[in-house]
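Report on the following structure.
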Ligand SMILES: [Zn+2]
């Protein structure tokens, strides 16, 4: 399942990326031709008007609430049955698939203090970013849990 999201849905897009989904955000305002050319993606919008217009053209469109990524995520779960688990297998900056980071890379790039608690090191070859599950991972898990409790 691949997504194309309206520009005001950046936060939702990040969470979709955390869950392992291919999610792209429109650079600017919605233009019919641009969205139609990405017909392989599910378009996510907060606008009833765009929902109606693009649905009529045969595009797969999902309408989500205007406020709060939590409610928006709940809408996607209800309408599409997406699986809300933290996969963390895509780069949050560029969306590329992450690979397991080699030991040398980890040793040279991760601060010694972080190494004590960090695990599951991954790497984005496109952005040259190294990621790991540390303290922020627990925080993300509880953020997601509290979001899901609203669904
Ligand atoms: Zn990247």
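The values are calculated or read from the model by the stated rules, or taken from the named source; none is laboratory data. For clarity, every value in this text was computed on a predicted model and none was experimentally measured. Backbone-built Cβ (ideal geometry, glycine too); neighbour counts: all protein chains shown.
Quick notes
- Only residues that are in a loop (DSSP other than H, G, I, E, B) and exposed (fewer than 13 other Cβ atoms within 10 Å of the Cβ) were counted across the range 102-125, and they come to 5.
- Against the test of being in contact with a strand residue (DSSP E or B) (Cβ under 8 Å, 6 or more places away or on another chain), within 15 Å of the ligand (Cβ to nearest atom) and either modelled with pLDDT under 95 or assigned by TED's automatic domain parsing to the domain that holds residue 24 (or both), the options 94, 124 yield a single qualifying residue, 94.
- Check on residue 99, in contact (Cβ under 8 Å) with a residue 24 or more places away in the chain and either within 13 Å of residue 19 (Cβ to Cβ) or surrounded by fewer than 14 Cβ atoms within 10 Å (Cβ to Cβ) (or both): yes
- Of all the numbered requirements in (1) surrounded by 12 or more Cβ atoms within 10 Å (Cβ to Cβ); (2) part of a helix (DSSP H, G or I), residue 142 misses one, and that requirement is (1).
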